[in-house]
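In what follows, a single structure is set out as structure tokens and then discussed.
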């Protein structure tokens with residue numbers, strides 16, 4: 001787990017945490033290739049040797065920045081899926097996670113989009129492997145219990161369902177500006193987000209029911 005410190009009690013931020021937070025901010029704005037070690041230490045106000053002392057290389061610092069973003073999302077996913085009382089409840093909770101995360105953590109969301117533009121190169125051979133297993137396995141268990149061909153389709157597959165949920169939610173972020181212009185709708189407003197949540201719930205749940 002990444003080591004960026006969180007505490008309910010105010011405490012001095014460590015040099016390592018300060019470097020990581022600075023790197024997350026810069027990488028989220030420019031991507032991996034747009035940020036140099038010199039950029040990071042200049043903004044952080046530390047010497048270059050501190051980067052190599054704590055993180056060994058820019059690549060490993062980038063990996064840890066990415067992993068912290070994904071860990072934060074994974075924590076929200078796990079809370080949602082663990083607290084779900086039914087398949088419908090699980091879908092609704094996950095929709096809210098994926099709509100809410102970019103608004104609550106815009107830097108992390110941008111960092112993830114940069115990594116997809118980078119073809120996932122920063123995650124390859126990472127010491128912080130990315131996994132959706134907890135969410136998928138929990139969805140599988142709920143589907144096995146409920147998808148009987150009566151209330152829900154019997155052919156539901158957890159990984160495909162998760163992909164569809166994420167896709168319907170993330171388009172409000174990944175295509176926000178072009179769709180807002182093309183459709184004459186500001187997809188970033190609270191009203192648009194609330195409509196998006198309602199639409200995602202309606203169409204996903206309708207598609208999960210037997211025809």
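The values are calculated or read from the model by the stated rules, or taken from the named source; none is laboratory data. Source: prediction; values computed, not measured. Note that each Cβ is placed from the backbone with ideal geometry, even for glycine, and that neighbours are counted across all protein chains shown.
List of remarks:
- In segment 172-204, the residues that are within 30 Å of residue 144 (Cα to Cα) and either modelled with pLDDT under 95 or surrounded by 15 or more Cβ atoms within 10 Å (Cβ to Cβ) (or both): 196, 197, 200, 201, 204
- Taking the conditions (1) under 18 Å from the mean Cα position of the chain (by Cα); (2) within 30 Å of residue 33 (Cα to Cα) in turn, residue 134 satisfies each one other than (2).
- Near pairs, Cβ below 9 angstrom, 6+ apart or cross-chain, from segment 39-64 (free of Cβ contacts under 8 Å to residues at least 40 places away in the same chain and at positive phi) to any residue that is outside any loop (DSSP other than H, G, I, E, B) and surrounded by fewer than 19 Cβ atoms within 10 Å (Cβ to Cβ): 45/18
- Given (1) more than 29 Å from residue 171 (Cα to Cα); (2) loosely packed, with under 13 Cβ neighbours inside 10 Å, index of the condition residue 106 fails: (1)
- Counted residues, segment 135-155 - those being more than 23 Å from residue 100 (Cβ to Cβ) and either exposed (fewer than 15 other Cβ atoms within 10 Å of the Cβ) or free of Cβ contacts under 8 Å to residues at least 60 places away in the same chain (or both): 12
- Scanning segment 160-186 for residues being at negative phi and either in a loop (DSSP other than H, G, I, E, B) or free of Cβ contacts under 8 Å to residues at least 24 places away in the same chain (or both) gives a total of 15.
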